[in-house]
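Read through the structure below, which is laid out as structure tokens, and then see the notes.
We did not get these values from a lab; they are worked out from the coordinates using the rules stated. Being a predicted model, the structure only gives us computed values, none of them experimental. Here the Cβ positions follow ideal geometry from the backbone for every residue, glycine too, while neighbour counts run over all protein chains shown.
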Amino acid sequence: MRIGIDFHVLQAEWQGSGIRRYIEGLYGAATKLPSDHEFVFLVDDASKAPANWPDNTGWQGFGTTSRLARLGWKTSQVLKQAKVDCYHVQFVAPWFKACKEVVTVHDILFHTHPQFFSRTSKYTLAPLIKRSVQRASLVLTISEYSKAQIMERYGVDEDRILITSNGIDKHKFSPGDPAESARLVREAFGLDDYVLSVGRIEPRKNHKALVRAYAHMKGLGKTLPRLVLVGGKDFGYQALASLIQELGVTKDVLFLHGVSDQMLPHLYRAALVMAYPSFAEGFGIPPLEAMACGCPVITSGTTALPEVVGNTGWLVEPDSWESVEAALIQAISSPSLRSEKSKLGLERAATFSWEESAKTLLSAYDRL
């Protein structure tokens, strides 16, 4: 089959998005595996497409940066011109169906946890996703949790939905040389021992519980490593900054925005522990990245996060900062426990592979 892939996020301003990483990881692996399929990536401007992809891939431009035009009429025109047999989209299919369709729905957290999303998600995005899922020949998602929610909410039969789970770049996220990483982190940020958290500063990521737990420990007179929050400023930043000031830990909490892809693995390797007490995730890439770098993980025992971390880390209740505090105390005070969980995490991270997800994808295309 000749398969078209909507890759307009490649040239979008938010290039670090999970969707881009998913497409690059999944198809980066799929194009290297034996297959009779051809791949055509649809982007805003084909003249700016990367040149380092395999020969069995092509690039086609939408000829527009307008979302309305792309979903409304441009896609069907381009698919017909490119003689595509099957079109793979993320979340929302174009209005006019030109061929078989495959849709990846990473999560539907706007249904299960609407308090963290705008009304637009529920009343505009949700109907579009439902329509896309119900007419698709195949639905993909990234976790058992998301699969169960999609089946229940949209009435998708189990034999029509497959899991192509997230993986990671194992050349980048690996144990590496912890001593060298510690040196680079010290030179760049003046940090030695620290607790790390990675994720956009927004309410769903639950930084407030982490900060409250940390501040309470500090109030008990404990000598603590610094708390380092890595992530872009989102709509929860100001409220979190105010809470940090109110709790009197401004000098102990360091925000790092705009950390490079090259520096992030070093921050994982040099950290005592990575804390990620998110309320809800369709997967949870930062815990997986941390484990792959040998950093033990504290995360929530809810939604898809236990699928990622398993029994290798500390699972906490996101509604209870006391639960987060108990895990922090264990992690900070016990080097032997950190070492044990680090080893378990490395083993667990090795089971997540873009190649295995790509094999599932190609097998599904064979069925279609």
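Could you grab the relative contact order for the chain? Cα pairs under 8 Å, six or more apart, rounded to a whole percent.
So the answer I get is 15 percent.
Beta carbons within 10 angstrom, averaged per residue: use that to sort the peptides 219-227, 42-50, highest first.
42-50, 219-227
Could you tell me which of rounded, prolate or oblate describes segment 180-269, using a ≥ b ≥ c as the square roots of the eigenvalues of the alpha-carbon gyration tensor, with rounded for a/c under 1.5 and, failing that, prolate when a/b is larger than b/c and oblate otherwise?
oblate
Taking the Cα atoms only, what angle lies between the long axis of helix 178-189 and the longest principal axis of the chain, rounded to 10 degrees?
Its long axis makes an angle of about 80 degrees.
Exceeding 23 Å between C-alpha atoms, which entries from my cross-link table qualify? They are Lys251/Lys341; Lys74/Lys97; Lys74/Lys147.
Lys251/Lys341; Lys74/Lys147
Among Trp73, Trp53, Trp314, rank each residue by its count of other Cβ atoms within 10 Å, from fewest to most, as a rough exposure measure.
Trp73, Trp53, Trp314
Quick one: helix 335-349 against the long Cα principal axis of the chain, what's the angle to the nearest 10°, folded into 0 to 90?
For 335-349 against the chain, the angle is about 0 degrees.
For segment 64-145, what class follows from the C-alpha gyration tensor (a ≥ b ≥ c being the square roots of its eigenvalues): rounded when a/c is under 1.5, otherwise prolate if a/b is larger than b/c, else oblate?
oblate
Take the Cα coordinates of the chain, assign each an equal point scatterer, and use the Debye formula without solvent to give log10 I(q)/I(0) at q = 0.11, 0.13 Å⁻¹.
The Debye formula, applied to the Cα set alone, gives -0.80, -1.07.
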